[in-house]
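Data first, discussion second: the structure below is written as structure tokens.
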Amino acid sequence: MAGVMAMTEKEKMIAGECYSAVDPQLLAELVVTQEILVEYNALPPADRQRKREIIKSLFGRVADDEVVINPPFHCDYGKQISVGKHFFANFNFTVLDEAPVTIGDNCFIGPNVSIYTACHSTDPVRRNERVEWARPVTIGDNVWIGGSVTILPGVSIGDNVTIGAGSVVVKDIPSNCVAAGNPCKEVKKLKGN
């Protein structure tokens, strides 16, 4: 059809469609983010103001100034990350934010936690073509993610949830529970919520 512009690889990525992970525009944006994170991760521990400034400029949304992310921190783009009020993440927090990662208020992330949105084909031929797609991750309010948890693409975690250390979250977790394991599943319903 005449006049219809083809989507860029970045537009495809944001739309959740298959895209080329080796697109020059995307690779250039990854380098810019990595340069910003080199500065962030090298800052002195007492320079909290500069750390907040960097995170607020890097992320798509930061709800307030009470954001703390202990370095080292790693992400792909940053702009796809949104955090609510009173956000805390401990050392070695990694977010592959090819799709939106939305985190609610009063969330605490333990050390060595990874959130992935990027998906890859199980077909080695297709995978070697560097074609990817991405699925968003959503985490509700009042959530504690224990150390060394991995959250996979497309997962939603409800409000008032604790995810046990070492868990691999492969499917949605309902609100008001404790969940743990590999694969992660509800192990205790919280009363009074």
Inset, instruction - Hey, could you check segment 128-169 for residues that are assigned to a loop (DSSP other than H, G, I, E, B) and within 25 Å of LYS12 (Cβ to Cβ) and say which is most open to solvent (accessible area, probe 1.4 Å)? - result: ARG130
Legend entry - Filter result (more than 10 Å from the chain's Cα centre (by Cα), among the hydrophobic types (A, V, I, L, M, F, W, C) and not in a strand (DSSP E or B)) within segment 80-120: PHE91, CYS107
Inset, instruction - Quick one: VAL62 ticks every box in (1) more than 22 Å from ASP159 (Cα to Cα); (2) free of Cβ contacts under 8 Å to residues at least 60 places away in the same chain; (3) of a type in the set (A, V, I, L, M) except a single one, so which number is it? - result: (1)
Legend entry - Qualifying positions in segment 77-97 - open to solvent by less than 40 Å² (accessible area, probe 1.4 Å), over 25 Å from PRO45 (Cβ atoms) and in contact with a Leu (Cβ under 9 Å, 6 or more places away or on another chain): TYR77
Inset, instruction - Taking LYS10 as meeting all but one of (1) within 15 Å of the chain's Cα centre (by Cα); (2) closer than 16 Å to ALA118 by Cβ; (3) surrounded by fewer than 18 Cβ atoms within 10 Å (Cβ to Cβ); (4) of a type in the set (D, E, K, R), write down the number of the exception. - result: (1)
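The values are calculated or read from the model by the stated rules, or taken from the named source; none is laboratory data. This is a predicted model, so every value here is computed, not measured. Every residue, glycine among them, receives a Cβ derived from its backbone with ideal geometry; neighbour counts consider all protein chains shown. Surface accessibility is based on the protein's heavy atoms, side chains included, excluding ligands, DNA and RNA. Shrake-Rupley method; radii C 1.70, N 1.55, O 1.52, S 1.80 Å.
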